[in-house]
Amino acid sequence: MTIPPVHVSVAGRTDVGRTRDHNEDTYLVADLSTGELCDASDVQLCHVGPRGSLFMVADGMGGAAAGELASALAVETIHKHLADTWTRDEDTSREQFAFRVRESVEVANQKLHDYAHEHPDVRGMGTTVTAAGVYGTDLYLAQIGDSRAYMIRRGVATQLTKDQSLTQRLVDAGEMTEEQAEKSERKNIILQALGPDPQIRVDLTYEELQRGDVLILCSDGLSGQVRREEFAEHAGRITDLATLCSALIDLANTRGGPDNITVVAARFEGEGLPLSRTAQQPGHHVFELPGDEPLEEDIRVGYKTGGIRIERPLQIPVRKEPPAPPLRPRPPVGLIGTALLVGAALLYWLITR
């Protein structure tokens, strides 16, 4: 595969926020051609090599040191798996790259699940992850949980990922508006995380890059406090990416900083990319690999009863920790925990409907 020249400048920041006593977020920037990790605390200017680039944000959970361990172990495992497999693949097609990105997230899930099983003191730990792989002129996103990816193109910010959360499913079903979801007390209930369950279903999407695109990856400590339009407004007036990351974190902290805050910002340039003039805006585009079966919804809304029935749950719903107190509860484990959690959410929804 001939890869035209694509250049990326990237910066990252992470902050404990205003209410937490430690930081359970992790981010990573890596060159998959050389295998080297990039120190993105200052802006890095890189050429996207023949094997591509990798950007990740992970938001751990589990209390004490378990969340920190989960997020760090996840990004380390994903990067290592890609370095061990993709860099040696003779098949260099875009499909193979996307497959390896998705596979690496699945491998990380098994790694975390096995580790928690072997170490009861961290049982129940988990993490979200948003992994962005750039290959040639394409961006591939592997998503678990509710960390997010945004694309800013021609002054407009678009959310590329979909939260794997209870409120997002209700929005998709037309039972809740986006405004109601943002204010809902149930918005911290996620349907998937790496670690709690041996089986996950990775949301794999893609986007064709254009010259001048700015990619933002962030944990919900940022997206929960900063509106989508504000990402575009800040990126439009702050060209230095390190300064942009710091400004976004400062904005979240001025609004209470109730969670750890992590952001990675990348700008794409180069003659290999088309000019962003008249092409359509980016979006959530599912990338189906050969052999993939059509996916069914985990949760569907029963309109007659106003309730929710779980058709085929693949993993344990996890309630992410509320902003305070800092000492955080563990997500429920097992079928009983699942039933209690979903039942409580349903009862609250029916009462307040």
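Details
- Two-site label geometry, residue 37 and residue 199: point separation in nm, points 7 Å out along Cα→Cβ: 3.4
- Cβ crowding within 10 Å averaged over residues, with 127-135, 267-275 ranked highest first: 127-135, 267-275
- Selected from 253, 243, 265, residue furthest toward positive end of dipole (the stretch 231-276; charges at beta carbon): 253
- Computed Kirkwood radius, in angstrom, where 1/r is averaged over Cα pairs of the stretch 159-265: 15.6
- Dipole of the stretch 130-172, positive direction: furthest Cα of 130, 160, 142, with charges on the beta-carbon: 160
- Derived scalar couplings ³J(HN,Hα) [the stretch 246-259; Karplus, 6.51 cos²θ - 1.76 cosθ + 1.60; whole Hz; x for Gly, Pro]: 5, 5, 5, 5, 4, 4, 5, 5, 5, 9, x, x, x, 9
- Solvent-accessible surface of the stretch 1-109, taken per residue with a 1.4 Å probe and all protein chains present: 41 Å².
- Surface calculation, 1.4 Å probe, protein heavy atoms: residue 80 sits at approximately 120 Å² accessible.
- Per-residue surface analysis assigns residue 150 an accessible area of about 0 Å², computed on protein heavy atoms at 1.4 Å probe radius.
- Kirkwood hydrodynamic radius of the stretch 96-250, from inverse mean 1/r over distinct Cα pairs, in Å: 16.9
- Overall shape of the stretch 233-290 was characterised from the C-alpha gyration tensor. The equivalent ellipsoid obtained from it has semi-axes of 29, 18, 11 Å, in decreasing order.
- Residue-span extension gain [residue 292 to residue 119] - 0.36 nm each, minus C-alpha spacing: 58.9 nm
- Heavy atoms of residue 156 accessible to a 1.4 Å probe, total area in Å² rounded to 10: 70
- 3J(HN,Hα) from dihedral phi, the stretch 174-186, Karplus parametrisation 6.51/-1.76/1.60, rounded to Hz, x for glycine, proline: x, 8, 8, 7, 4, 5, 5, 5, 5, 9, 5, 6, 9
- By accessible area with a 1.4 Å probe, ligands and nucleic acids excluded, highest first: order of 147, 33: 33, 147
- Difference of contour (0.36 nm per residue) and Cα-Cα distance, residue 275 to residue 87: 64.7 nm
- Around the amide H of residue 259, modelled in the peptide plane, lie the amide H atoms of 18, 19, all under 5 Å away and 5 or more residues distant in sequence or on another chain.
- For the stretch 43-90: span of alpha carbons on each principal axis (Å, largest first): 41, 29, 9
The values are calculated or read from the model by the stated rules, or taken from the named source; none is laboratory data. This is a predicted model, so every value here is computed, not measured. Neighbour counts run over all protein chains shown; Cβ positions are idealised from the backbone, glycine included. Accessible surface areas use protein heavy atoms only, side chains included; no ligands, DNA or RNA. Shrake-Rupley method; radii C 1.70, N 1.55, O 1.52, S 1.80 Å.
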